[in-house]
Amino acid sequence: STMFLSFDYDVCAEYIKRYLDVLRHKSRDFVYLFVPEKHESGRYHFHALIKGPLEVEEARNPWGKPILDANGHQVYNVLGYEYGFTTAVKVYSNAAIGYIAKYITKQDAVPPNKKRYWASRNIPKPKVDYLEMYLPEYIEVFNAAHYKKQIPGPYGSFELLEIHGEEVRAETQE
């Protein structure tokens with residue numbers, strides 16, 4: 001039965017790779033970032049940011065009424081994805097970036113030693129600036145952040161902060 005395939009990370013990852021191959025062959029202007037998430041039920045699903053000619057249709061309820069998101073924007077279904085259910089919305093703010101970053105940094109999002117995201121090679125790379133701060137300055141920056149997440153790593157930990165829509169990664173050195 002295909003009903004339980006969404007519990008298998010490797011199967012889900014293979015389906016996403018197949019779909020990305022289809023999209024890449026359709027357009028060179030396609031830019032994407034796909035991030036897996038394991039739901040509380042144990043099923044895997046993917047969140048994505050996509051720029052490019054994606055084929056969609058307006059999602060409608062059984063009575064033909066348009067389905068809208070919490071902000072009143074039209075929800076779409078992605079055409080051509082054959083491996084499960086899809087929804088898509090147009091992005092109107094940078095909030096989606098933090099939302100995706102949350103899933104990339106989630107500790108139990110994927111099994112150990114498995115891919116945490118799929119990104120197109122033509123995705124714009126972030127501009128990185130380095131700044132050394134004394135502790136009082138850092139505390140002021142930390143307190144101003146709208147979103148905070150501490151992520152343990154193999155060489156210590158770092159914090160992901162969002163300040164006025166800008167993402168800041170703070171590494172502590174001992």
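The values are calculated or read from the model by the stated rules, or taken from the named source; none is laboratory data. Because the structure is predicted, anything quoted here is derived from the model rather than measured. All Cβ positions, even for glycine, are placed from backbone atoms using ideal geometry, and neighbour counts span all protein chains on display. Only protein heavy atoms, including side chains, enter the accessible area calculation; ligands, DNA and RNA are left aside. Shrake-Rupley method; radii C 1.70, N 1.55, O 1.52, S 1.80 Å.
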> Within the range 128-139, is even one residue under 25 Å from the mean Cα position of the chain (by Cα) and charged (D, E, K, R)?
Replying inline: yes
> Conditions: (1) polar (S, T, N, Q); (2) more than 19 Å from Ile123 (Cα to Cα); (3) open to solvent by 30 Å² or more (accessible area, probe 1.4 Å). Thr86 meets all but one. Number of the miss?
Replying inline: (3)
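Residue-wise test of (1) modelled with pLDDT of 90 or more; (2) under 12 Å from the mean Cα position of the chain (by Cα); (3) under 21 Å from Ile151 (Cα atoms); (4) among the polar types (S, T, N, Q).
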{"position": "Arg28", "(1), (2), (3), (4)": "no, no, no, no"}
{"position": "Pro53", "(1), (2), (3), (4)": "no, no, no, no"}
{"position": "Asn71", "(1), (2), (3), (4)": "no, no, no, yes"}
{"position": "Asp108", "(1), (2), (3), (4)": "no, no, yes, no"}
{"position": "Lys115", "(1), (2), (3), (4)": "no, no, yes, no"}
> Which one is modelled with the highest pLDDT, of the residues in the range 122-152 that are aliphatic (A, V, I, L, M) and open to solvent by less than 100 Å² (accessible area, probe 1.4 Å)?
Replying inline: Ile123
>> Any residue in the range 76-97 that is farther than 9 Å from Val56 by Cα and modelled with pLDDT of 85 or more sitting within a Cβ distance under 7 Å of a residue that is open to solvent by less than 50 Å² (accessible area, probe 1.4 Å) and acidic (Asp, Glu)? List the pairs, counting only those 6 or more apart or interchain.
In response: Val89/Asp69
> Are there any pairs with C-beta distances below 7 angstrom linking a residue in the range 25-46 that is of a type in the set (S, T, N, Q) to a residue that is in a loop (DSSP other than H, G, I, E, B), with the two at least 6 apart or on different chains, and if so which?
Replying inline: Ser27/Gly52; Ser27/Pro53
